[in-house]
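To keep things clear, I will list the structure first and then write my remarks on it.
The values are calculated or read from the model by the stated rules, or taken from the named source; none is laboratory data. Owing to the predicted nature of the structure, the values given are computational and were not obtained by experimental measurement. So basically every Cβ, Gly included, is an ideal-geometry build from the backbone, and we count neighbours across all protein chains shown.
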Amino acid sequence: MQDGKLCPNLFTLSASSSLHTSRQDTAAFSVFFFTKTCFYLYWKITFKMAEKTVSVYMASVSGSLEMKKSQDRIFSVLSSKKIPFKAVDITQDSEYKDLMRKIAGNPTALPPQICNGEQYCGDFDAFENAIELNQLEQFLKL
C-alpha cells in the first residue's frame, strides 16, 4: 500500500503512552491501522476508560492518627493487589475537598473516601468490609 492509494480512508496512528499507576507498569501503544470511524470509537472508548480511575481522596496534613492509618491501609492494599489508583490530596486545593464531598453525597465527608471516576465507592469502613467479604473488585467498580 503506497500513500493510501489502495485504501484512502485508512491511516496509521503511532503513539506511546504510559499509565500512571501505583506500580511501575507502562502501557505502550504500537502502530495501529484504523478507519476514521474506528479511530473515533477507539479514541472515545480510551478516554472513557481513562476516566474510570480509582481515586483515593486523602489528607496529607492531618492531626488524626486514625485518618493517617486508614489512608496508609488503603494505599497498602491497593498497591499489594496491583490496583492502579491516584491519591488526591484535599489539603492542596479546596476544590478537591468540594469534589470529594459532592461525589460522596455528604457535605461533611472526611477522608479517606474512594471513588472510581465519578462513581462513589465508599469510605474506609466500607473498604474494610469489602476486603473481609472478598468483594474488593466489586466495591471498587472494576
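Can you name the residue in segment 61-114 that is over 18 Å from the mean Cα position of the chain (by Cα) and among the polar types (S, T, N, Q) and is also surrounded by the fewest Cβ atoms within 10 Å (Cβ to Cβ) among such residues?
108
Can you pull out every residue in segment 61-93 that is among the hydroxyl-bearing types (Ser, Thr, Tyr) and at pLDDT 95 or above?
Taking segment 61-93 as the starting set, the residues that turn out to be among the hydroxyl-bearing types (Ser, Thr, Tyr) are 62, 64, 70, 76, 79-80, 91.
If the condition is that a residue be among the hydroxyl-bearing types (Ser, Thr, Tyr) and at pLDDT 95 or above, then 70, 76, 79, 80, 91 are the ones that fit.
Hand me the list of strands (runs of 3 or more DSSP E) wholly inside segment 74-141 holding 3 or more residues that are over 19 Å from residue 64 (Cα atoms) and not polar (S, T, N, Q). Quick ask: steps written out before the conclusion?
On the way: elements: 85-89, 113-116, 119-123.
The strands (runs of 3 or more DSSP E) meeting that bar are 119-123.
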